[in-house]
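Scroll down for the structure; my scribbles are underneath it.
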Amino acid sequence: MDAHLELKQQLVDCIRMLEAADIIDYNGHASIRIGDDQMLINVGNCQRSRLTTADICTIAMDGQVLGTASGKPPLEFHLHAGIYRARPDVKAVVHAHPKWSTYLTMTGTPYAPVYAQGALVHPVPVLDSPNSINNRAMADRLAATLGDRPAALMKSHGAVTVGQSIVEAFVLANYMEENAHRQYMAMQIGQPYAFNDHELALCREKLWSAALFQRAWDHFQAKLG
């Protein structure tokens, strides 16, 4: 019996939900740390909307596939490995190419906390490069940009969120993209209101909750049928 089958299924659900929400496309990926030096990650050539546990491979931090798998990890496995090396607290990583968040980076528009849940990831640092994170040097550069934050954007490329679980990383990716969408739309009318420091603190106090993260996860998971 597969010792990590439950975690693989969580990863499958995460990626399928992100694809259904138009946050991950045919190139997105997510991972879960296993121990100190391994991770579960979707294979690079899988169909995200039809993902199964057979499309999840176990790899070492250098990309070596461990055990049997239906394919190889994505070229950007370095992104995940770099964050795990730099952040022992991180247990899961999501890398996506969400359009609304990316629009902001294309124009140099800072991410503004205009939505309560979106305030949880503010401030969001931006990697000042559109290059793929497909080598250790770029991975270390992204990890340094992320620092101790739960999310980072990559100029004209995409986004990354991290968490204590894949549930947390998934939900934060949704919160960030929803905030970016609302910010973009509000900018078509005028200057959107951004939460002040006191309001940001209240949002974090009330909304940074494992129970609320699980409720958001359950909402999206129910849509998978």
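The values are calculated or read from the model by the stated rules, or taken from the named source; none is laboratory data. As the structure is a prediction and not an experimental result, all values here were calculated from the model. Heads up, the Cβs are rebuilt from the backbone with ideal geometry, glycines too, and the neighbour counts pull from every protein chain shown.
Meeting the requirement of 2 or more residues that are closer than 28 Å to Trp100 by Cα, the strands (runs of 3 or more DSSP E) wholly within the range 1-79 are 29-34, 38-42. Restricting attention to the range 155-213 and to residues that are among the β-branched types (Val, Ile, Thr) and in a helix (DSSP H, G or I), the residue that is nearest to His80 (Cα to Cα) turns out to be Ile166. For Thr145, are the conditions met, namely being surrounded by 17 or more Cβ atoms within 10 Å (Cβ to Cβ), within 30 Å of Gly35 (Cα to Cα), free of Cβ contacts under 8 Å to residues at least 60 places away in the same chain and polar (S, T, N, Q)? The answer is yes for Thr145.
Looking at Ala216, is it part of a helix (DSSP H, G or I), touching a residue at least 24 places away in the same chain (Cβ under 8 Å) and under 23 Å from Arg87 (Cβ atoms)?
Numbers: part of a helix (DSSP H, G or I): yes; touching a residue at least 24 places away in the same chain (Cβ under 8 Å): yes; under 23 Å from Arg87 (Cβ atoms): yes.
Answer is yes for this residue.
Note on the range 103-135: among residues that are crowded, with 21+ Cβ neighbours inside 10 Å and among the β-branched types (Val, Ile, Thr), the one that is nearest to Lys206 (Cα to Cα) is Val121.
For the range 145-165, the criterion of being under 12 Å from the mean Cα position of the chain (by Cα), within 22 Å of Tyr26 (Cα to Cα) and either polar (S, T, N, Q) or at pLDDT below 95 (or both) is met by at least one residue. Which ones in the range 188-211 are in contact (Cβ under 8 Å) with a residue 24 or more places away in the chain and hydrophobic (A, V, I, L, M, F, W, C)? Of everything in the range 188-211, those that are in contact (Cβ under 8 Å) with a residue 24 or more places away in the chain and hydrophobic (A, V, I, L, M, F, W, C) turn out to be Ala194, Phe195, Leu200, Cys203, Leu207, Trp208, Ala210.
Within the bounds of the range 119-128, is there any residue that is touching an Asp or Glu at 6+ places or on another chain (Cβ under 6 Å), within 24 Å of Arg16 (Cβ to Cβ) and either free of Cβ contacts under 8 Å to residues at least 60 places away in the same chain or part of a helix (DSSP H, G or I) (or both)?
Step one: list which residues in the range 119-128 are touching an Asp or Glu at 6+ places or on another chain (Cβ under 6 Å), which gives none.
No, the range 119-128 contains no residue that is touching an Asp or Glu at 6+ places or on another chain (Cβ under 6 Å), within 24 Å of Arg16 (Cβ to Cβ) and either free of Cβ contacts under 8 Å to residues at least 60 places away in the same chain or part of a helix (DSSP H, G or I) (or both).
Can you find a residue that is in contact with a helix residue (DSSP H, G or I) (Cβ under 9 Å, 6 or more places away or on another chain), surrounded by 24 or more Cβ atoms within 10 Å (Cβ to Cβ), modelled with pLDDT of 95 or more and within 27 Å of Asp197 (Cβ to Cβ) anywhere in the range 75-95? No - not one qualifying residue is present in the range 75-95.
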